[in-house]
1. Just to be sure I understand, how many residues within region 271-302 are open to solvent by 30 Å² or more (accessible area, probe 1.4 Å), assigned to a helix (DSSP H, G or I) and of a type outside the set (G, A, S)?
2. Taking the condition closer than 23 Å to S232 by Cβ and surrounded by fewer than 24 Cβ atoms within 10 Å (Cβ to Cβ), does T51 pass?
3. Sort through A91, A19, A14 and tell me the only one that's open to solvent by less than 10 Å² (accessible area, probe 1.4 Å) and either over 23 Å from the mean Cα position of the chain (by Cα) or under 26 Å from T222 (Cα atoms) (or both).
4. Name the residues in region 51-70 that are under 24 Å from R268 (Cβ atoms) and assigned to a helix (DSSP H, G or I), would you?
5. Which one is nearest to the chain's Cα centre (by Cα), of the residues in region 132-174 that are surrounded by fewer than 14 Cβ atoms within 10 Å (Cβ to Cβ) and modelled with pLDDT under 65?
6. When you look at A209, is it touching a residue at least 12 places away in the same chain (Cβ under 8 Å) and out of contact with any Leu (no Cβ under 6 Å at 6 or more places or on another chain), yes or no?
7. For region 94-116, enumerate the residues that are open to solvent by less than 80 Å² (accessible area, probe 1.4 Å) and out of contact with any helix residue (DSSP H, G or I) (no Cβ under 6 Å at 6 or more places or on another chain).
8. Taking only pairs six or more apart or across chains, which ones have beta-carbon atoms under 6 Å, a first residue in region 242-259 that is closer than 11 Å to L271 by Cβ, and a second residue that is not hydroxyl-bearing (S, T, Y) and not in a helix (DSSP H, G or I)?
Amino acid sequence: MSERPELIALRYEARRRIASPWALLAAAISRSLLTIPYPVRYRSALHPEGTPLNLALALVGRSGAGKSTAIRGAACAVMFEGEDVPETAHARSGEAIATMLGKVHTEKGEDPQLTYARLDHAVWLHWDEVGQLAQQGDRTGSTMLETIKSVTSGETIGGQNAKGDGVTIPAGSYRALLTLGVQPRRAGPLLGDGAVAGGLSARFVWLVAEDPDAADAPRPSTEQPPVYVPLSQWDGVRYVDALPEMDAAHEADTRAAHRGEREPINSRVLLNRAIIAIALANMAGRSHLTAEDWHLAGAVLAHSLDTLDTVAEALAEPDDGQQLRSQRVEQRTRERLSEMQAQGIPFYEVRRKLSRAQGDHLTELLRAGKFAPW
């Protein structure tokens, strides 16, 4: 791992607070991006118009797994001069995200004027549990999940209703960070077929909020001073340009996508890596990228992909409640079959005497060779 002062400070705070260093890094990345002026974009050879530096981070762990600790720790480890990072905020609908960024004011005889809530046009969205987001996305007429995709891409959000009410936030006019607490067994809304095919899953970088190594790491015995980072490096900067190796990676990835060789869930990996590299560069007091930034961001994305695999495996396993219910159904199915066999009922007649759940379980038993018909 790099010996950069800011990363050493983050590791120190993680150990001091017995917290996941990945969670502190997620908070530090979020805070770093929120201090970069919103007009600044990432520019690559394939996208010379630039891409907004918006990002979504999934913090994987049980409910309340230390989000507040991570944010406080990151703020103590890396301090940006003159920073004014927005507090995390919870939106209840897609339309609410737009109104959190700005409002429309209309003076008599004048055209409506959009006024932003903050001078930096920034918002930090957070949901403690993925279930909260899923419930809001399931509501009739909800635009939440589609808005999240638009927000992470910096697209136009909001709009007017039939009465002319509402607010529209223009594309590229804001900075948005999104963090979401994800319990592995409840990650279905982010990893279901629709979420993967629709591009929602690809928006997220996955970092562990609960780290077994953190439980065993000794607390530091000496103090580590925070790292102070200037922000003057962004004066007059409009674009952060990709390195040649980054342009080559984007080109190879795009060609692979056209050949059908890239999985949909990986469609944003390189862009997320580039945005994280820019966040790391900013923490080092720079507005330009180095090969080390790109390399370190690659380590973050490797951790993200490993964490995503772990979440997908946990999601595929039946939970304890499901296993218990399945065991009960199997026990009752076997009892009913024994009763009917003792009564001399032919096997071909038993299915219509079973409940639907029992009949389905009988089919599973037969296919698995765990039950022999009479």
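The values are calculated or read from the model by the stated rules, or taken from the named source; none is laboratory data. What you are looking at is a predicted structure, and each value in this text was computed from that prediction instead of being measured. All Cβ positions, even for glycine, are placed from backbone atoms using ideal geometry, and neighbour counts span all protein chains on display. Note: accessible area is taken over every heavy atom of the protein model, side chains too, but ligands, DNA and RNA are not part of it. Shrake-Rupley method; radii C 1.70, N 1.55, O 1.52, S 1.80 Å.
1. Here the count works out to 4.
2. So T51 fails the test.
3. A14
4. Selection gives K67, A70.
5. By that ranking, first place goes to D138.
6. Spelling it out, it is not the case that A209 is touching a residue at least 12 places away in the same chain (Cβ under 8 Å) and out of contact with any Leu (no Cβ under 6 Å at 6 or more places or on another chain).
7. A96, A98, T99, M100, L101, G102, V104, L114, T115, Y116
8. H250/L46
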